[in-house]
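Below is one structure, written out as structure tokens, with a few remarks after it.
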Amino acid sequence: MPSARLPRIVLWLFCGLVIVFLVAPILVIVIASFNGTPFLQFPPASWSLRWYVRFFASERWYEAALLSLRVAVVVTIASTALGTLAAIGLVRGRTRFRAALELFLVSPMVVPVIVMAVGLYFLLAPLRLTGSAAALVLGHTIVATPIVIVIVAAALRLSDGSLELAARSLGATWWRTVRYVTVPQVAPAIGAAAAFAFLTSFDEVVLAVFLGGPDATTLPKRMWESMRFEIDPTLTAISTLLTVVATVILAAAQLARRAEERS
């Protein structure tokens, strides 16, 4: 009997070690964010909220966070709309080039972000769009839309397509069918895709470095510059806040999905 339980104990031990390995860096940052000394230190020699106060009181951090929020909201709306429509067309459409078209639409997920950033820079620089929020929105939308397509397309493949055929046979137009039949069926997936699109835009730094310039500095870019030129302990407080925001958004999306499934 003890020998039969040994594989299960080993499995649980291995899973515990993996969880610790993944969570430990986050816990270190969270604990270090309450450090009271004027330099990075772990474990903290003293405890304080000074770095959180400094973040909310600093105009440069506040403006960067506000720009990231504005860009992420616009990107979420644009990528969710485009990705959902594209997913519906790919899954419900009937074209012989569907596989190739789907591969093309999700290709930004496989192409290295640095390649996308360089390409967009040379594309937008002649149009004098670099260094603006519009360039960030465009770049982030290109990166976030494939995520929406993958999530919504997976949900559509599991949904009941006969309901849409029934609606069309009863005289509903394509748009009314999509609005009242298709979208409600995959609403939880659309919500989850929107959450991932928001986080993708809000946390992105490579495109921000190439497309933002000095006049459009997002929060991740400001963090990267601070880490490069000055080891500011405020970074630990910001990192903790970003972790909390990401956790809350994903948890809200999960709760909304479960509530929708129960209803």
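The values are calculated or read from the model by the stated rules, or taken from the named source; none is laboratory data. If you're wondering where the values come from, they're calculated on a predicted model, not measured in any experiment. No Cβ is skipped: glycine too gets one built from the backbone with ideal geometry, and neighbour counts run over all protein chains shown.
One table, with the values for the structure above:
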{"quantity": "Residue among Gly139, Gly131 that is over 26 Å from Trp174 (Cα atoms) and part of a helix (DSSP H, G or I)", "calculated": "Gly139"}
{"quantity": "Residue check, Thr217 loosely packed, with under 15 Cβ neighbours inside 10 Å and under 22 Å from Val143 (Cβ atoms)", "calculated": "no"}
{"quantity": "The one condition in (1) modelled with pLDDT of 80 or more; (2) in a loop (DSSP other than H, G, I, E, B) that Thr200 fails to fulfil", "calculated": "(2)"}
{"quantity": "Residues of segment 56-75 that turn out to be over 20 Å from Thr141 (Cβ atoms), touching a helix residue (DSSP H, G or I) at 6+ places or on another chain (Cβ under 8 Å) and either exposed (fewer than 14 other Cβ atoms within 10 Å of the Cβ) or β-branched (Val, Ile, Thr) (or both), as a count", "calculated": "3"}
{"quantity": "Residue match in segment 125-134 (condition: under 17 Å from the mean Cα position of the chain (by Cα), surrounded by fewer than 19 Cβ atoms within 10 Å (Cβ to Cβ), closer than 26 Å to Leu241 by Cα and touching a residue at least 40 places away in the same chain (Cβ under 8 Å))", "calculated": "no"}
{"quantity": "Selected residue (criterion: farthest from the chain's Cα centre (by Cα)) from residues of segment 214-233 that are modelled with pLDDT of 75 or more and among the basic types (Lys, Arg)", "calculated": "Arg222"}
{"quantity": "Leading residue by the ranking (nearest to Val71 (Cα to Cα)) among those in segment 199-209 that are surrounded by fewer than 24 Cβ atoms within 10 Å (Cβ to Cβ) and under 8 Å from the mean Cα position of the chain (by Cα)", "calculated": "Phe202"}
{"quantity": "Test: residue in segment 42-52 that is in contact (Cβ under 8 Å) with a residue 24 or more places away in the chain, in the same structural domain as Ala208 (by TED's automatic domain parsing) and buried (at least 16 other Cβ atoms within 10 Å of the Cβ)", "calculated": "no"}
{"quantity": "Qualifying residues in segment 39-79 (those that are of a type in the set (S, T, N, Q) and not in a helix (DSSP H, G or I)) - the one farthest from Leu235 (Cα to Cα)", "calculated": "Ser46"}
{"quantity": "Any pair with Cβ under 9 angstrom, 6 or more apart, that starts in segment 155-170 at a residue that is over 19 Å from Thr84 (Cα atoms) and surrounded by 14 or more Cβ atoms within 10 Å (Cβ to Cβ) and ends at one that is among the charged types (D, E, K, R) and at pLDDT 75 or above", "calculated": "Ala167/Arg176"}
{"quantity": "Val148 being at pLDDT 85 or above, buried (at least 21 other Cβ atoms within 10 Å of the Cβ) and not hydroxyl-bearing (Ser, Thr, Tyr)", "calculated": "yes"}
